[in-house]
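For reference, the structure is listed below as structure tokens.
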Amino acid sequence: MQLFHCPFCGARDETEFHFGGEAGNLRPDGADAPADRWANYLYMRDNPKGAVREVWVHMNCGEFFVMERDSVSHQVLSSTSLDGAGHAQ
Amino acid sequence: MRNLAEKWTAMPDWQTAVIDTPSFAIRSVSGLNQFLVSGDLATWSKAWGIALQPVGAFGQAMGDTYTVQVARDRLLVVSALPSTVAQGWHEQGFAVSTVSAGMLIFEIEGAAAAELVARATTLDPGKGSASAAISFAGINAVVYRHGERIRIHVDRSLAAYFWSWVATVGGNIASAEA
């Protein structure tokens, strides 16, 4: 079992969380966005080795947040809420 | 025509249902109103006229009216009386939704209650958590202490599953103690 940190609830079992995608993958704005921009948004992933920034949601309390972790060691470095106030653990 | 109802365990009568073992007992609690408050919780608190002191996971609630934190901006209010604040959205920035029929309240007491909790969740009851919404027995539940007992709110549609889980695990605990 791995513990993730919800910015509101604190340390919880990883099974309470759901992956939401890479942080910073912004949805194209407007109908004029070119096809390659949409393809990049929908299908292309960086999948880096090492430090990653990902969006997660704590399904029990509904908190959306950005988690910084290491994809090799699985060490969690930080969790910061996406509510605009920047609550962090 | 086949009677498919035979495949399912009959739904307990929640008014009288009890699992009573030598080391713990669980029964449902009726007669309490439950409503969710979302949004600006401090403003709601002023509108209802009670202090905002919500309990988190395994926190200690007291009395017939109290609040339980289930998210950063959401409370589960438990009260013997109906809400004096009208349901729906309020311009002050909060919403009130009655969920009395949607969630069933169970209460566990006895020496083995902690053993049951240990099998239900990975969360340390001694440390608690800001939100009382936790994974408990494989489902999302709201869990806190009330007096000497542990109260658990579960979705009514999952109550029969939760009841069968407690019966099975309770049997395992009794076997281990024998």
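Considering only residues in the range B:120-131 that are out of contact with any Ser or Thr (no Cβ under 7 Å at 6 or more places or on another chain) and surrounded by 14 or more Cβ atoms within 10 Å (Cβ to Cβ), the one that is farthest from A:Phe17 (Cα to Cα) turns out to be B:Pro125. Checked against the criterion of being among the hydrophobic types (A, V, I, L, M, F, W, C), in a loop (DSSP other than H, G, I, E, B) and either surrounded by fewer than 12 Cβ atoms within 10 Å (Cβ to Cβ) or away from chain B (no Cβ under 14 Å) (or both), the range A:35-42 has no qualifying residue. Whenever a residue of the range A:68-89 is farther than 13 Å from A:His58 by Cβ, it has no partner that is of a type in the set (Asp, Glu) and part of a loop (DSSP other than H, G, I, E, B) lying with C-beta atoms less than 6 angstrom away and at least six residues away or across chains.
Would you check if A:Glu22 is among the charged types (D, E, K, R), touching a strand residue (DSSP E or B) at 6+ places or on another chain (Cβ under 7 Å) and under 29 Å from B:Gly56 (Cβ atoms)?
Numbers: among the charged types (D, E, K, R): yes; touching a strand residue (DSSP E or B) at 6+ places or on another chain (Cβ under 7 Å): yes; under 29 Å from B:Gly56 (Cβ atoms): no.
So A:Glu22 does not fit the description; no.
Kindly indicate whether any position in the range B:132-140 is touching a Gly at 6+ places or on another chain (Cβ under 8 Å), modelled with pLDDT of 95 or more, surrounded by fewer than 19 Cβ atoms within 10 Å (Cβ to Cβ) and assigned to a strand (DSSP E or B). Looking for residues that are touching a Gly at 6+ places or on another chain (Cβ under 8 Å), modelled with pLDDT of 95 or more, surrounded by fewer than 19 Cβ atoms within 10 Å (Cβ to Cβ) and assigned to a strand (DSSP E or B), one finds none in the range B:132-140, hence no. When B:Ala118 is tested against the conditions (1) within 14 Å of chain A (Cβ to nearest Cβ); (2) in contact (Cβ under 8 Å) with a residue 12 or more places away in the chain, the lone failure is (2).
Given the criteria at pLDDT 90 or above, more than 14 Å from the chain's Cα centre (by Cα), of a type in the set (Ser, Thr, Tyr) and closer than 24 Å to B:Ser131 by Cβ, does A:Thr80 qualify? Working first, answer last.
Numbers: at pLDDT 90 or above: yes; more than 14 Å from the chain's Cα centre (by Cα): no; of a type in the set (Ser, Thr, Tyr): yes; closer than 24 Å to B:Ser131 by Cβ: yes.
Spelling it out, it is not the case that A:Thr80 is at pLDDT 90 or above, more than 14 Å from the chain's Cα centre (by Cα), of a type in the set (Ser, Thr, Tyr) and closer than 24 Å to B:Ser131 by Cβ.
Determine, yes or no, whether B:Leu123 is more than 20 Å from B:Ser28 (Cα to Cα) and of a type outside the set (Gly, Ala, Ser). So B:Leu123 passes the test.
Give the range A:57-87 a look and list any residue that's within 12 Å of chain B (Cβ to nearest Cβ), in a strand (DSSP E or B) and not β-branched (Val, Ile, Thr), or say none.
A:His58, A:Glu63, A:Phe64, A:Phe65, A:Ser81
Looking only at residues in the range A:1-22 that are modelled with pLDDT under 95 and part of a loop (DSSP other than H, G, I, E, B), the one that is surrounded by the most Cβ atoms within 10 Å (Cβ to Cβ) is A:Gln2. Only residues that are touching a Leu at 6+ places or on another chain (Cβ under 6 Å) and among the polar types (S, T, N, Q) were counted in the range B:130-163, giving 0. Consider B:Ala86 carefully, then state whether it is among the aliphatic types (A, V, I, L, M) and surrounded by fewer than 20 Cβ atoms within 10 Å (Cβ to Cβ). Taking the combined requirement at face value, the residue satisfies it.
Out of the range B:70-107, which residues are within 14 Å of chain A (Cβ to nearest Cβ) and within 12 Å of the chain's Cα centre (by Cα)?
First, the residues of the range B:70-107 that are within 14 Å of chain A (Cβ to nearest Cβ): B:70-76.
Once the filter is applied, which keeps residues that are within 14 Å of chain A (Cβ to nearest Cβ) and within 12 Å of the chain's Cα centre (by Cα), the range B:70-107 yields B:Val70, B:Leu76.
The values are calculated or read from the model by the stated rules, or taken from the named source; none is laboratory data. Since this is a predicted model, take the numbers as computed values, not measurements. Cβ sites come from the backbone with ideal geometry, for glycine too, and all protein chains shown count toward neighbours.
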